[in-house]
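Enquirer: Structure below; questions to follow.
The values are calculated or read from the model by the stated rules, or taken from the named source; none is laboratory data. Since the model is a prediction, treat every value here as computed from it, not as a measurement. Note: ideal-geometry Cβ built from the backbone for every residue, glycine included; neighbour counts use all protein chains shown. Just the protein is used for accessible areas: all its heavy atoms, side chains included, with ligands, DNA and RNA removed. Shrake-Rupley method; radii C 1.70, N 1.55, O 1.52, S 1.80 Å.
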Amino acid sequence: MTSDIKDTVHALDATAVMRLFPARPRLLALGEPTHGVETPLRLRNELFRQLVEQEGYRTIAIESDCLMALLVDEYVAFGTGTLDAAMEHGFSHGWGASAANRELVGWMRTFNDGRPLADRVRFAGFDGPVEITHAASPRQALTALHKYLAAQVETDMLPCSAETLDGLLGPDDRWTDAAAMTDPACSVGRSDGALHLRLLADDLVALLDAQTPHLITATSREERDRASLYGRTALGLLRYHYWMADASPSRMARMMGLRDRMMAENLLAVVERGPALAHGHNGHLQRERSSTLMGGLPLEWWSAGALVSTRPGERYGFLATALGTLRHQGVDTPPPDTVEGLLYELPEERFLLDAPRLAGALADARPARRVSPYFGYSPLDPGHLSGIDGLVFIKDIPEDEEASGTSRG
C-alpha cells in the first residue's frame, strides 16, 4: 500500500502542479482545511511566486471581502497608501493580522515596482461582504455604481437619484444587525425599501450592461471592472438579505448557497484578466457539494468551485490541502485507516499527490473519513479524491503557531 501511494507523490512546486493538467488552468484553486494557520499560507505564497515567475499567472484571489480587497490591490498595483493601511483595512475576517498575508502583499508590491501596468500582479478578494455574524449594507456597492453611471449617462436614463438611494438604504446598522443572522424577524431584507432597492439595483446593472459600447471608450478597464464588481456585489447582498429575512427551513442553506454564488461570480470576473490563483477553504473551492452542521441541522449547497468548474470553457484546477496534525487545536496523529493516516506514514513533511491516482491506489482499502475534535478543521472526505486534481499534504503544523482571524469556512 505504501509503495502504491509513493508512486503518486511529487515535490510541491509549480512545475509539479502544472504536470497534473493537460493545459494550464485559467483558474487554479488551492484549498485549505482550516483557517488562521500560517504554514499553509506560506506554502500558498511560495506557489504563487513560482506561478508568477514561471507560468505567467498575474492575480491571486483570496477568501476575503471583495470590496475591502480593492484597497490592497491599489497598494500592490499602484503603491497607493501604505502596507500597514492595506493590512488593517483591506482584509475581512481578521486576516490582515496574518504575517503570511503581510509577506504576500509586501512581495507583490516589490514585484510590481517599475513594471508596466499590464505585467503587474494583482490582488482580489472573492468573498462577499459577509461575516458569520452579519452581512454588510449594500450602500457602498450601490452608491458607487450609481456614481459611476451618473458621470457617464444622461440623468434621465438613471432609474433613481442618489438621494432616493440614500433614503431607501437608511442607517447602515439596520442591515448589519447581528440578531438577523439567527432571527429572520430582525432582518430588513424583505421590507418595502429593500425590495425596491433590489429592483433599482437590477436596473442599474442592466444600464451598465446596455451602455458597454460607450463605457469602453469613455472609461478605463479598471473603472469598468470596478463598476461591474459593485453591481454584482449590490445584487448579491440584496439577495442575501432577502433570504436572511426568510423563516423557512431552507433559510440557511439558501444563504450559504448565495454566498458561494457571489464567490463564483467574483472568481469568473478575476480570470477575465488572465490566469489566476484562488485560495480559500476546501469546502468553497471543491467540485463537490458543500455541507456543514449549523445549529445541529445538516446543510448542503453547491460550492463556488462546483459552479465555476461546470461553466463551459473554464479550465479549472483544484488542489485540496490536508493536514496530519494541528495539535494546538487538539487534532493529533491521524488514525491509520484514514487518508491522512496513510499519508502521515510517509517520511516527507509536505508534498503534492496526484489525487485521481491516489484514489485508484486506495480503491481497495476504502479509507474512513477522519473525525476532528476541532470544529474549525475539516478532514478530507475520501469520496472526493476523484474530483480533486492534486492533494497537498502537510504533516505537522507547529504547535506554537499562532492563529490569525476566524476559523470560519
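Enquirer: How many times 2.2 N^0.38 Å is the alpha carbon radius of gyration of the range 159-244? Present the calculation step by step, with values, prior to reporting the outcome.
Expert: Details: Rg = 14.8 Å, N = 86, 2.2 N^0.38 = 12.0 Å.
Against the empirical 2.2 N^0.38 Å value, I get 1.24 for the range 159-244.
Enquirer: Right, next: How big is the Cα convex hull of the range 210-257 in projection, averaged over all directions, in nm²?
Expert: Working: hull surface 16.7 nm².
Seen from a random direction, the Cα hull of the range 210-257 projects 4.2 nm² on average.
Enquirer: Let me ask you something else. So what J values fall out for the range 14-22 if you push phi through Karplus, 6.51 cos²θ - 1.76 cosθ + 1.60 with θ = phi - 60°, rounded to Hz, Gly and Pro as x?
Expert: Each residue of the range 14-22 in turn: 4, 4, 5, 4, 5, 5, 6, 10, x Hz.
Enquirer: Compute the helix-to-body angle for 192-210: its Cα long axis versus the longest principal axis of the chain, expressed 0 to 90° and rounded to tens.
Expert: Roughly 80 degrees, rounded to the nearest 10.
Enquirer: Something else about it: Using only alpha carbon pairs under 8 Å that are at least six residues apart, calculate the relative contact order of the chain and give it in whole percent. Numbers along the way, then the final one.
Expert: On the way: 732 pairs, mean separation 107.7, N = 409.
That works out to 26 percent.
Enquirer: Then there is this: Would you mind getting the Kirkwood hydrodynamic radius of the chain from its Cα pairs, rounded to one decimal in Å? Intermediate results must be reported in sequence, preceding the final value.
Expert: On the way: mean 1/r = 0.0448 Å⁻¹.
This gives a value of 22.3 Å.
Enquirer: On to the next question. Note down the nm distance, to one decimal, between modelled labels 7 Å out along Cα→Cβ at residue 199 and at residue 162.
Expert: 2.4 nm
Enquirer: ³J(HN,Hα) across the range 178-186 via Karplus (A = 6.51, B = -1.76, C = 1.60, θ = phi - 60°), whole Hz, x for Gly/Pro?
Expert: 4, 4, 5, 5, 10, 10, x, 5, 8
Enquirer: Residue 186 versus residue 294, label points 7 Å from Cα toward the beta carbon: distance in nm?
Expert: Between residue 186 and residue 294, the label points sit 1.5 nm apart.
Enquirer: Please list, in chain and number order, the residues 5+ apart from residue 12 or on another chain whose amide H is under 5 Å from its amide H, with Hs placed from the backbone.
Expert: Close amide H contacts, sequence-distant or interchain: 352.
Enquirer: Right, next: Quick one: which residues, 5 or more positions from residue 122 or on another chain, have an amide H under 5 Å from its amide H? H modelled 1.01 Å from N in the peptide plane, none for Pro or chain starts.
Expert: Residues meeting the amide H criterion: 59, 60.
Enquirer: Right, something else. Order 126-139, 180-193 from most to least packed using the mean count of other Cβ atoms within 10 Å. Present the calculation step by step, with values, prior to reporting the outcome.
Expert: Working: 126-139: 21.4, 180-193: 15.8.
Order by mean packing, descending: 126-139, 180-193.
Enquirer: May I pose another question? According to a simple spin-label model (label point 7 Å from Cα along Cα-to-Cβ), what is the distance in nm between residue 375 and residue 216?
Expert: Modelled inter-label distance: 5.0 nm.
Enquirer: Taking θ = phi - 60°, what integer Hz values does the Karplus form 6.51 cos²θ - 1.76 cosθ + 1.60 yield along the range 155-164, in sequence order, with x for Gly and Pro?
Expert: 4, 6, 8, 6, x, 6, 8, 4, 5, 5
Enquirer: Amide H neighbours of residue 30 under 5 Å, at least 5 residues apart or on other chains, H built in the peptide plane: list them.
Expert: Result for residue 30 returns 278, 279, 280, 319.
Enquirer: Leaving ligands, DNA and RNA out of it, work out the accessible area of residue 175 with a 1.4 Å probe and give it in Å² to the nearest 10.
Expert: Looks like 10 Å² after rounding.
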